[in-house]
Amino acid sequence: MAAEPARTQLRVGRLVKAHGLKGALKLELYTDDPDGRFVPGAAFTLQVPEASPWHGKTVTVREFRWMNSHPVLFLEDVNDRDAAESLVKAILWVDQDGDAVPEDDAWFDHQLVGLDVVRDGERVGRIVRVDHFPAQDLLIVQREASDDEVLVPFVKAIVPEVDVTAGRIIVTPPAGLFEELAADRTEDPSEAAPEHHDDAPSEG
């Protein structure tokens, strides 16, 4: 897995699919101002696996279009479908202007780490890190009074409120996300009946 860029940067998009034969890529947006972000000449740091030929490189926007309501990006030196395919799942980062106005629903990792996690009015843990994956981000939460970690998908349905000023996030997790670990700690093995169950985490 590729490391997150060390500089203070903002994640603005993910390349999800090659489009056509001329190097275009469909784009998943993580910015409220795509037309302002993806102007010709704009450069982005790539987050890709270390084995990728694009590892450690940046890309420059050649053109940004809307096609059938979908954002599509053309990049310099990406001129055919094969080149575009090699960039699928890459995440785009841009250096953050210190004077820029923060975008809605966009936070740096360092703003999230350390926030209290509150459910139904009670503190249930603390964010210790943020893991970035192509499908979604995960908040790694250390449970209250334990070393157990819970992986919370960072999506609006589960994390409806982030209040950096108050130092907390509000979560509405699926039933059992936090309780399963608590039950494992309190259950008396001598009283528990043998039971077969699937420990694999459910898809968020």
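Every number in this text was worked out from the coordinates using simple rules, so none of it is lab data. Keep in mind that what you see is a predicted model, and the values were worked out from it rather than measured. Every residue, glycine as well, gets a Cβ built from its backbone with ideal geometry; the counts of neighbours run over all protein chains shown.
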Simple label model, 7 Å out from Cα along Cβ direction - residue 82 to residue 55, nm: 2.2 nm
The range 118-168-the range 31-46 distance, computed between alpha-carbon centres (Å): 28 Å
Karplus-derived HN-Hα couplings along the range 81-94 (A = 6.51, B = -1.76, C = 1.60, θ = phi - 60°), whole Hz, x at Gly and Pro: 5, 4, 5, 5, 4, 5, 9, 4, 5, 5, 9, 9, 10, 10
Amide H contacts under 5 Å for residue 30, placed H, 5+ residues apart: 13, 14
Gain upon complete extension [residue 32, residue 122; 0.36 nm per residue less C-alpha separation]: 29.2 nm
Spacing of the two label points (7 Å from each Cα toward its C-beta) at residue 164 and residue 147, in nm: 3.2 nm
Radius 12 Å from Cβ of residue 54, net charge of other residues (Lys, Arg +1; Asp, Glu -1): -1
Normalised contact order of the range 109-185, rounded percent, pairs of Cα under 8 Å and 6 or more residues apart: 25 percent
Amide H contacts under 5 Å for residue 115, placed H, 5+ residues apart: 127
Qualifying lysines (Cα of each under 22 Å from Cα of residue 57; at least 8 residues distant if same chain): 17, 22, 26, 89
